[in-house]
Each structure stands twice: as structure tokens, then as C-alpha cells.
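The values are calculated or read from the model by the stated rules, or taken from the named source; none is laboratory data. Note that the coordinates shown come from a computational prediction; the quantities given were computed from them, not determined experimentally. Here Cβ is always computed from backbone atoms with ideal geometry, including for glycine, and neighbour counts include all displayed protein chains. Please note that ligands, DNA and RNA were not included when accessible areas were found on the heavy atoms of the full protein model with its side chains. Shrake-Rupley method; radii C 1.70, N 1.55, O 1.52, S 1.80 Å.
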Amino acid sequence: MKRIILLAAPAAGKGTQAKLICDKYNLEHISTGDLLRDCLRNEDNFSLKIKEIMESGKLVDDATILELLKRKLNNIDGYVLDGFPRTLAQALSYDALLKEKNENLTHVLYLNVDEEVAKKRIVGRLSCGKCGRVYNELIEENKPKVLNVCDVCLEQLTKRKDDNEEVFKERLRVYNESTKDLIDYYKNKGILHEIDSNVDTSMVFNQIEKVLDGDI
Ligand code: AP5
Ligand code: MG
């Protein structure tokens, strides 16, 4: 059974590739960003706190993330983790969780993207609040079939509040400060595969298929 981490800077294409991988390999997509955004539907103190953190581009605390993840992982076996772990503490807690369940992590896919390329991708992004699929109104390959409507669940697409230049800059800074070190952490475990994410969506996915099919 495949258990995969997608490790990458903001807007590198984690959500996009996660959906393609899950569809082809019949896995569950677990995005901690989407889980947090789901929490925002309740208007309690907890969600107000999370909203403020996400809209500033900072990280939500490790304990909250772990709790959300544990709940989600109950009764799920093969999956793609998108946006988790983001700190060494999260990676260590996840290792402990796997050990407890007597399971192993099979692949870490590091989507390597240039900051300038990522910044451009943010501009036209549209997201489906229901299924988490992402589109881009400015990139032909990633446009929805019908303007502003999700191809799969027909929901109205929206722009994320944290998709503006200022917050994006902060998300990149936080990634470089707290998350980038995980590349070496997983490289040392021998399960990290680097994918060039500067190319078209389908070309990125071709590289991922080669890794997951064991050709690399
Ligand atoms: P999260 O939702 O995870 O956001 P992120 O990491 O900033 O990543 P994005 O979702 O912006 O980008 P992506 O890599 O998924 O790219 P996408 O496929 O959409 O987290 C949001 C916030 O939640 C965080 O800032 C933090 O506050 C909190 N949080 C979440 N997890 C946490 C954790 N574990 N710990 C603590 N806090 C946490 O693609 C982007 C665009 O580009 C799309 O429009 C797409 O169509 C297009 N595109 C994708 N690939 C290509 C390609 N190859 N060519 C051309 N266009 C492409
Ligand atoms: Mg995403």
C-alpha cells in the first residue's frame, strides 16, 4: 500500500498532483490545508484563531495539526499527504504514529519549483471548496471546463484569501525557514525523490508515475 508525502513550497503543485495520483492509484488525498479550511466553516473561537494564522501565512501549531491528521487517518490506509509535515516536530510525530500503527511511509516526492514560477501560478488559481481540486484561469492546461465551475462536483470555484502577493511572500519565507530542512530529513531515510515541478502539469505527473511505478 502506498503512503506518500508531497513536500514542496507553496503553489508548487501539491494539490494538483495529489488529485492525479489519488485518481490513478486509488489513494486518499489528505491535505492539512483543506482540513483547516473545512474547520473555518464553523464560526467558533478555534476557527477564528486558525483563520487569522492562515491569512497571515504563518503555520498553525503542531498539536492542532496532529490532532486533525490523526482523526483523518483513522480507517484510511493508502494516502497522499499534501502539506504535511511542515516542521521537524510534525515529521517526528508522524514517524511515531506510523510506528504505532506498524505501517511505513513509501515515498516522499519533493516537487522542486523556482520561486518565480510558483509566484506566477498563484495569480490565477481557483479552488473548489468541496473536493479541493485546483484550477488556474490563466493556464490553458488547468482551466476548468466551464468558467468558475469545478469539473467534478460542479461547485462554484473561489479564490483563496491567502493568495495575495504579501501573504504568499510570508508563506515562502515560512517554508524556507521551517519546512525546507525536511528535504534532508527524508533524503537521509532514502525515500526522497526529486521531481522537476517547473514544467507543465502533465509532465510533472509523468515523472511521478515513473517513480511510483518503480521505474526509477
Ligand atoms: P496549504 O493549503 O497547504 O497551502 P500551501 O502549502 O501554501 O500550498 P498551496 O495549496 O498554495 O499550493 P499547492 O502546492 O497545493 O499548489 P496547487 O496545486 O494549488 O496551506 C495553507 C495554510 O494552512 C498554511 O499557510 C498554514 O497556515 C496552514 N497549514 C496547512 N498545513 C499545515 C501544517 N501541516 N502545519 C501548519 N500549518 C499548516 O497549484 C497552484 C496553482 O498552479 C494552481 O492554480 C494550479 O492549477 C497551477 N499549477 C499546478 N501545477 C502546475 C504546473 N505544473 N504548471 C502550471 N500550472 C500549475
Ligand atoms: Mg494546496
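Summary of computed values
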item: Rounded Å value of the spacing that divides the Cα centres of the range 1-33 and the range 73-140; result: 5 Å
item: Accessible carbon and sulfur surface of the chain relative to its total accessible area, %, 1.4 Å; result: 48 percent
item: Net charge contributed by nearby residues that have their C-beta within less than 12 Å of L68 (K/R +1, D/E -1); result: -1
item: Estimated [θ] at 222 nm from DSSP helical runs (n ≥ 4, -39500 (n - 2.57)) normalised by residues in the chain, nearest 500; result: -13500 deg cm²/dmol
item: Cα gyration tensor shape for the chain, rounded if a/c is under 1.5, else prolate or oblate; result: rounded
item: Proximal charge balance of K130 [Cβ under 15 Å; K/R count +1, D/E count -1]; result: +1
item: Local net charge near N45, Cβ-Cβ under 15 Å (Lys/Arg +1, Asp/Glu -1); result: -1
item: Charge-dipole axis of the range 41-140 as Lys and Arg at +1 and Asp and Glu at -1 on Cβ define it, positive-most pick from L138, N42, G78; result: N42
